[in-house]
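First up is the structure itself, then whatever we jot down about it.
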Amino acid sequence: MTKIKPFRAFRPTRDKAHLVISKQYYAYKKSILKAKLESNPFTFIHVITPDYFMKNKPAPGSRERYEMIRKEFERFLSEGILFKEEEPSFYIYRQTKNGHAYMGLIAGASVEDYDEGHIKKHEATLTSRENMFADYLEITGFNAEPVLISYPKDEIVEDILNLVTLSRPEYEFTTTDIITHELWIIPHQYEATLIEHFDRIKDTYIADGHHRCSSSSILAQRKKGKKDLPSQHFLALFMNEERLKIYDFNRLILDFNGHTKKEIKDLLSEKFTLKKSEEELVKPTKEHQFTMYLGNKWYILEPKPGSFDQQDVVDCLDAEILTKNVLNPIFGIHDLKTDERIQFISGDKGMKGIKKAIDKGDAKIGFALYPVTIDHVKQVADENRIMPPKSTWIEPKLRSGLTIYDLEND
């Protein structure tokens, strides 16, 4: 059973919505971040980085810094940049990128569902980050970026979303990255039906936002015993799993680890069949097929029998096959999260992104993987296992500041 809750969102006024919403601040290059803060007084980045122009900044993760964020948030409210809804509502958010429409339901998700394993996870989280973000939520009192949660398609829910989106959206604008954003407030007459049909869904799956989920759980535990608090829920965008898009997440290796190109190919031949391609760009066409760009040439790699366990849901993932048979033994890369000799490039950049990095000399060798499916992700989560690091690039990527969840007052 999936419990969802309508809520009274803080959100931008209609005339400023396109100026308020932002990516996570670390997603911007330093020069772009500085320019946005200098040129746009309404960007939500002012709220989440209130100390940007200070010489003596408070320590990251400190109470002082979080209190500054809260103060800046209150300034946005007092100046009418943001306001709070009069009544609790569900919302529909639609993001259109490269002709693909991602649409889902914004609602309060249940911490209890997460704690009981009905909102399933597939990524490992760091305790330090969990506690730091729980402190952030507790002190700032708001949650501005929704967790992306997938669910199996429900026809009635789809019918409601499609019907509501026939009307004029509350917001409709396109950002400079050529992504269109739309928001609808769902009429109250549909709330009971939505709650009923989500209640029939046994399990949902985190697509993006594992640390936000675990931090919300920690916050709820801190306030345990106080029933019906807003902190028993967290901000989420529920999206029919068929609407998600999972891209490949490819690898760039920055050095040869002391090997020559010939030695690398010889070592690869022990576990893979190698076939040179004359094509300019070569993308894997099926599961368990890799392409490699080395020395201005593309190669197609397929693992030989016995190089991985076909019955193990994690061991048979292409990211794990590459790590165990290539990155670990040949390049000496054992921790994909911390080793500076490996970089990652999302599949939405295409094979051109890999080729460009190698041709420019930014990396030595590139490996392209076939994208995992949502079924792969669910199988791993259902077995309470963890996906290999950097094995999925899931879209849509959500913005902060469109609908903001109040953790202090309903």
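What follows is calculated from the coordinates using simple rules that are stated; it is not laboratory data. Note that the structure is predicted; figures quoted are calculated from it, not measured. All Cβ positions, glycine included, derive from the backbone under ideal geometry; neighbour counts span all protein chains shown.
Descriptive notes on the structure:
- Ranked by how many other Cβ atoms sit within 10 Å of their own Cβ, fewest first, the residues SER214, SER307, SER400 fall in the order SER307, SER400, SER214.
- Shape of region 329-410, Cα gyration tensor, a/c cut at 1.5: prolate
- FRET efficiency, LYS84 to ASP348 (Cβ-Cβ, R0 35 Å, nearest 0.05): 0.50
- Cα-projected label distance for GLU302 with ILE195, points at 7 Å along beta-carbon direction, nm: 5.4
- Centre-to-centre, using Cα atoms only, region 84-101 and region 36-67 are separated by 27 Å.
- Across the cross-link table entries LYS275/LYS378; LYS275/LYS304; LYS271/LYS324; LYS84/LYS223, which are compared at the Cα atoms, the separations over 21 Å belong to LYS275/LYS378; LYS84/LYS223.
- Calculated from backbone phi, Karplus (6.51, -1.76, 1.60) coupling profile of region 235-246 in Hz, x at Gly/Pro: 6, 9, 10, 8, 10, 3, 4, 6, 8, 5, 10, 10
- Label zone at THR260, where the point sits 7 Å out along the Cα-to-Cβ direction: region 342-370 residues whose backbone N lies under 15 Å: none
- Mean projection area, nm², convex hull over Cα of the chain: 21.5
- Restricting the GluC sites (Glu not before Pro) of region 7-114 to loop positions (DSSP other than H, G, I, E, B) with no more than 10 neighbouring Cβ atoms within 10 Å leaves GLU79, GLU86.
- Computed about the Cα centre, the dipole magnitude for region 249-370 is approximately 500 debye when only Lys and Arg (+1) and Asp and Glu (-1) carry charge, each at its Cβ.
- For region 346-387, the spread of Cα coordinates along the three principal axes comes to 42, 16, 11 Å, biggest extent given first.
- Using bins of 10 Å that start at zero, the share of Cα-Cα pairs per bin across region 249-370 amounts to 13, 50, 34, 3, 0, in whole %.
- The charge dipole of the chain, taken about its Cα centre with unit charges on the Cβ of Lys, Arg, Asp and Glu (plus for the first two, minus for the last two), comes to roughly 1540 debye.
- For chymotrypsin sites (Phe, Trp or Tyr not before Pro), the sites in region 7-67 that DSSP calls loop and that have at most 11 other Cβ atoms within 10 Å are PHE53.
- For region 332-369, trypsin sites (Lys or Arg not before Pro) meeting the loop criterion (DSSP other than H, G, I, E, B) and having at most 12 other Cβ atoms within 10 Å: LYS337, LYS360.
- Gain on full stretching of the segment that runs from ASN98 to GLU67 - 0.36 nm per residue minus C-alpha separation: 7.3 nm
- Residue among LEU229, LEU219, LEU148 with the largest mean-square fluctuation in a Gaussian network model of the chain, springs linking Cα atoms under 10 Å: LEU229
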